[in-house]
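Notes follow the structure.
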Amino acid sequence: MSNENAPWPHKDLLDTDQLSLDDVRRIFAAATSFQEVNQRPVKKVPTLRGKSVVLFFAEPSTRTKTSFDMAGKRLSADTFSLASSSSSLTKGESLKDTALTLQAMNPDAIVIRHRASGAAAFLAQRLECSIINAGDGWHAHPTQALLDAFTLTQEWGGLAGKTVCILGDIAHSRVARSNVDLLTRLGATVRLCAPRTLLPHRIESWPVEIFGDLSRAVDGAHAVMCLRLQLERMQAGLIPDLREYARCWCLGPRHLERAAPDVRVLHPGPMNRGVEIDSALADSLSSLVLDQVASGVAVRMALLFLYLTRKEAAQ
Ligand code: CP
């Protein structure tokens, strides 16, 4: 049994594999209570008054950055944004010096997105404040996986016995890596479907079923998660061209005819309509894309609450 009053046991959130299933249940319970706050006319509670959170995004973001900002503000924390394009990183300052500079301002947490795998861990080893990984290179995107699993849990009541197909550029996807860990530990069967060139090395050791045919991968699936081609992280030559890729790998209504009834379609965003997901399907009743975004605010409120109150809870 999880003890909801026990101090939160983690200083940092680097990936989902740090979290026990009890931790995940606590995050989901807190997120559920914050969903109610998010429906109020006045969407603000004093829970984190006096706490400060730096949003250090050295890669572009719409959903993750905005939802962390909104989550912090709805809990009355002060949030401060630092983008790499407007920071002294552009003048040659190192990540280490940037981090130590931020630490000297004594924030309670730094939420970091960075192109380098391991950037969040690098900060976590050096700084006293909590580090929350908002996506590091190809490595991990734990808050995305948590909000995806939370969205599906709310939809189905639980993931045991469900089959989730993750489709697209798995090789370059931090979302896929974190989701495979979390969804499988929550009891789902995970299928990965991609062209061979977009599967990671040593995929055979992952706890997943691998498909090279979209129709077969979706057969009987309860949910399909489409992933964007991560062109910014991709070597040339891995796909023939976008039109040919879309012809073979773009999820459309016809593929879902053999999926489970009431199959759900997810996408972490940003979507490239007509490349990895059919535009009408993205807007259809099967789509959970905007539910994922709404869940993202509640889940990130839960994370800020748990990580930023862990010291008080321990006293
Ligand atoms: N899913 C996701 O990380 O979206 P953003 O890049 O917009 O934050």
What is the helix-to-structure angle for 142-156, meaning the angle in degrees between its Cα long axis and the longest Cα principal axis of the chain, kept from 0 to 90 and rounded to the nearest 10? 60
What is the antiparallel percent of DSSP beta bridges lying wholly in the chain, to the nearest 5? 5
Of the heavy-atom accessible surface of the chain (probe 1.4 angstrom), what whole percent is carbon and sulfur? 51
Looks like the stretch 10-54, by Cα gyration tensor root eigenvalues a ≥ b ≥ c and the a/c under 1.5 rounded cutoff (else prolate when a/b is bigger than b/c, oblate otherwise), is oblate
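Probe of 1.4 angstrom, ligands and nucleic acids ignored: what's the accessible area per residue over the chain, in square angstrom? Walk me through the numbers on the way to the answer.
On the way: 14070 Å² over 315 residues.
For the chain, the per-residue accessible area is 45 Å².
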For a Förster distance of 22 Å, can you work out the FRET efficiency between the beta-carbons of ALA314 and GLU4, rounded to the nearest 0.05? 0.95
The chain - percent relative contact order, Cα under 8 Å, separation 6 or more: 21
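Shape call for the stretch 14-129 from the C-alpha gyration tensor, a ≥ b ≥ c root eigenvalues: rounded (a/c under 1.5), prolate (a/b greater than b/c) or oblate?
Working: a/c = 1.98, a/b = 1.51, b/c = 1.31.
Since a/c reaches 1.5 and a/b is larger than b/c, the shape of the stretch 14-129 is classed as prolate.
Assuming R0 = 35 Å, can you tell me the calculated FRET efficiency for the pair LYS43 and SER87, based on Cβ-Cβ distance, to the nearest 0.05? Before the final figure, lay out each step's value.
On the way: r = 30 Å, r/R0 = 0.85.
The formula returns an efficiency of 0.75 here.
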Estimate the FRET efficiency between ARG254 and GLU36 by the formula 1/(1 + (r/R0)^6), using the beta-carbon distance for r and 35 Å for R0, to the nearest 0.05. 0.35
0 to 90° range, to nearest 10: angle between helix 289-308 axis and the chain longest Cα axis: 30
Please give the helix 95-104 orientation as an angle from the longest Cα principal axis of the chain, in degrees from 0 to 90, rounded to the nearest 10. 40
Among all the lysines, which ones have a C-alpha under 17 Å from LYS73's C-alpha, if same-chain residues fewer than 8 places away are not counted? LYS43, LYS44, LYS51, LYS65
If ligands, DNA and RNA are left out, what is the accessible area of LYS43 with a 1.4 Å probe, given in Å² to the nearest 10? 80
Under-5 Å amide H pairs with LEU192, H placed in peptide plane, nonlocal only: ILE166, GLU209, ILE210, PHE211
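The values are calculated or read from the model by the stated rules, or taken from the named source; none is laboratory data. Remember, it's a predicted structure, so these values are computed and weren't measured experimentally. Positions of Cβ are generated from backbone atoms using ideal geometry, with glycine treated the same way; all protein chains shown enter the neighbour counts. These area figures cover heavy atoms from the full protein model, side chains too; ligands, DNA and RNA do not enter into them. Shrake-Rupley method; radii C 1.70, N 1.55, O 1.52, S 1.80 Å.
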